[in-house]
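Below: one structure, written as structure tokens.
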Amino acid sequence: MTDNPERAVSAKRGLPLLKNEPRTLAELFLQSRSEYDLPNALNFKQDGEWRAISARTMIERSENIALGLYSLGLRKGDRAAILAANSPEWTLTDAGCQFAGIVDVPIYTTASPHSIKYILDDSSTRVLFIQDKAAFDRIESVLGKCSSIEALIFFCPAGVTESRAMALSDLESRGVELRESQPALSEQLRLAIEPDDVATLIYTSGTTGEPKGVMLSHTNLISNAIDASEKYGFSGHDVSLSVLPLSHVFERTGMYVYIVSGMSVFFAESIEKVPDNLKEVRPTIFIGVPRIFEKVYEKARLSAARSSPIRERIFDWAIEVAKEFASINESSMPIPVSLMAKHSVADKIVYAKLREFFGGNLRFCITGGASLSDDIYLIFTGAGISIMQGYGLTETSPVVSSNNPIDVKVGTVGKPIRNNKVRIASDGEIEVTGPGVMLGYYHKAEATKDAFTPDGWFRTGDIGHLDDEGFLVITDRKKELFKTSGGKYIAPSHVEQMIKASRFVNQVVLVGNGRKFPAALIVPNFEMLESYAHLKSLDLKTPEEFCRSERIHDLFERQIASVTEHLAQYEKVKKFALIENELTVDGGELTPTLKVKRRVVDEKYKHLIDELYDV
């Protein structure tokens, strides 16, 4: 695998290593143990109690996993996939692969069996690490057709009878036995790894076509982790709660940032348990996608609306105060005394509760993966919860740019991190070069070539610009821009963000490519609609009743007109349809990182879209 022709692109660009920094991920783990020797490096909850894995134990178990894989016949460059939820075992397995020079292939637990089979076949994976019997049962029918799979390693082996299966603890035991018979082997494996070797193969979500395996080297991941860490100013005093899937490079590199910074990491029990875990762990750093912050805000707003009309008005007033306070603060202008007084009152009755949701100990949050609306940013920042929005892609390991606590600007994704360079092409596409840019796409030399400019800059596929101060502004995905039949180009995400400012909107997808005007498919916030119906004495209860009600359609017409009044006429939504079911990953409309698969939505709701245009 390390001899693939795609590597030529990497060699041409050059991937400079920084001095006095780990050269491989194995060295990164070892250096962290040497410098910090944390007694609670990885933390998990078991039987109602938080339990810790020390840095020393983490290294020992990781090396045992590496040797266990070697005992199964895997060698440098072979592939091992991980299909499991976040846990210490996930990170230990990742580290074990890195200690052995084995390329790990993370797979989303929400991926369809068809997608999982494609990834396993395309990567020629030999060993699959898998969560438990339930996960196995879901993909058993396709596993039998994956000819390269030789062994299944279960994190939770209860009830498993598959002949190729063993428990992770058994794999570690094999490693212990091999260490006793060949004590120098672990070091030999580690020293055989080169910085430019492929460390991981991460398959893109595939919003516009079949997934592509992104080859990321040790240098790619280490440089990004170190440069991003420098941007944020993490320290060993920080604590993080791991919530986003480690199968995504955002959380994966975040984990390396935590390790290189000497931070303690706590693994959330589940998505449902995150609110409880936040209060127990009280993290100083929280990484989440924009949807998490939107949901927190919506929950707080709904709670106020259900309490009483007075509480709802107080909440709305406090939110406007937060936005005004944050806006003036961002501009470095002095805060008026009257606004300070309002903010002090609002802090006691509204903001303190919002901060308490996150445990009350946050220094700041980091978000990426999708665009964060300016309103959500201002609301949280004004309430004392700083959100640092960044930008990146799987192909850039992932961080390209980010705001940080002392250099932040609303409406932007910050300045490029150290050692990254960004430029804007003549058509507005953002292009990047730096040590974190991928080696290429696995087995896809032509796609790799197309991804780079002739002089070696990576084409991101995103449209944006650099402002006068060097902050990067993202406007849309290049492939998502659509043109109306009148020849006008429209950036859908920009319009969608404006419509989502309505409290009654949960999700929205703009359509209209090749049509006379833009239209929208909207998933209402049915909980807010229930409160509205109660207030207006409307006899509406089910999603179907809400979506068919003329009164509700009138409400949405007014809401859309209000939040999009400043758009150009050709950008304004002329028609819309309300749909009953939320767009989900399981339904196929969203990627695992919650990006909309527009092609899937267009196909799934074609009849509804055609009706909007009277086709």
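No lab work stands behind these numbers, since they all come straight from the coordinates. Given the structure is predicted, the values throughout are model-derived calculations rather than measurements. A quick note on method: Cβ atoms are made from the backbone with ideal geometry, for glycine too, and the neighbour counts reach across all protein chains shown.
Points worth noting:
- Whole-Hz couplings from phi, Karplus 6.51/-1.76/1.60, listed for the range 412-419; x for Gly and Pro: 10, 10, x, 9, x, 6, 3, 6
- Evaluated with a Cβ-only charge set (Lys, Arg +1; Asp, Glu -1), the range 373-486 carries a dipole of roughly 300 debye about its Cα centre, given to the nearest 20.
- Remark: the Cα gyration tensor places the range 87-157 in the oblate category, a/c being 1.5 or greater and a/b not exceeding b/c.
- Here the range 481-612 is treated with +1 on each Lys and Arg Cβ and -1 on each Asp and Glu Cβ, and its dipole about the Cα centre works out to around 640 debye.
- Per-residue HN-Hα couplings for the range 67-75 [Karplus 6.51, -1.76, 1.60; θ = phi - 60°; Hz; x = Gly/Pro]: 5, x, 5, 4, 5, 7, x, 7, 10
- Highest to lowest packing among 252-260, 483-491, 68-76, scored as the average C-beta count within 10 Å: 252-260, 68-76, 483-491
- Viscosity 1.306 mPa s, temperature 10 °C, Stokes-Einstein D of the range 431-542 from Kirkwood C-alpha radius, µm²/s: 89
- Against the chain, whose longest principal axis is taken from its Cα atoms, helix 290-307 shows a tilt of about 40°.
- Dipole-positive endmost among ALA577, PRO492, VAL601 within the range 481-612 (Cβ charges, Cα centre): PRO492
- Think of the chain as having a plus end and a minus end, set by charges on the Cβ of Lys, Arg, Asp and Glu; of GLY440, ASN404, SER332, SER332 sits farthest toward the positive end of this dipole.
- Based on the Kirkwood approach, the hydrodynamic radius assigned to the range 481-612 is 15.3 Å, with every pair of different Cα atoms included.
- Axis of helix 218-232 versus longest Cα principal axis of the chain: the two differ by about 50°, to the nearest ten degrees.
- Given LYS409/LYS488; LYS409/LYS479; LYS45/LYS279, the pairs whose alpha carbons are separated by over 24 Å: LYS409/LYS488; LYS409/LYS479
- Long pairs among LYS212/LYS273; LYS76/LYS421; LYS295/LYS541; LYS145/LYS478, criterion Cα-Cα beyond 26 Å: LYS212/LYS273; LYS76/LYS421; LYS145/LYS478
- Phi-derived couplings, Karplus 6.51 cos²θ - 1.76 cosθ + 1.60 at θ = phi - 60°, listed residue by residue for the range 21-33: 10, x, 8, 9, 5, 4, 5, 4, 5, 5, 5, 5, 4 Hz, with x used for Gly and Pro.
- CD proxy at 222 nm, helix term only [per DSSP H run n ≥ 4: -39500 (n - 2.57); per residue of the chain; nearest 500]: -12500 deg cm²/dmol
- For ASN506, nonlocal amide neighbours, meaning residues 5 or more places apart or on other chains whose placed amide H falls under 5 Å from its own, are VAL523, ASN525.
- Alpha-carbon centroids, the range 264-316 and the range 520-541: separation in whole Å: 22
- Helix 550-563 and the long axis of the chain differ in direction by around 80°, with both axes built from C-alpha atoms.
- The slack between TRP50 and ALA501, meaning 0.36 nm per residue of separation minus the straight C-alpha distance, is 158.5 nm.
- A cut-off of 5 Å between modelled amide H atoms, ignoring neighbours fewer than 5 places along the same chain, links GLN389 with THR367, ASN403.
- Longest exposed-site-free window of the chain, the sites being GluC sites (Glu not before Pro) in a DSSP loop that have at most 16 other C-beta atoms within 10 Å: 273-468
- In this structure the amide hydrogen of ALA167, modeled in the peptide plane, comes within under 5 Å of the amide hydrogens of PHE154, none closer than 5 places in sequence on its chain.
- Each Lys and Arg contributes +1 and each Asp and Glu -1, all at the Cβ; summed about the Cα centre of the range 151-262, the dipole is approximately 180 debye.
- Rounded to the nearest 0.05, the FRET efficiency derived from the C-beta distance between LYS145 and ASP602 at R0 = 35 Å is 0.70.
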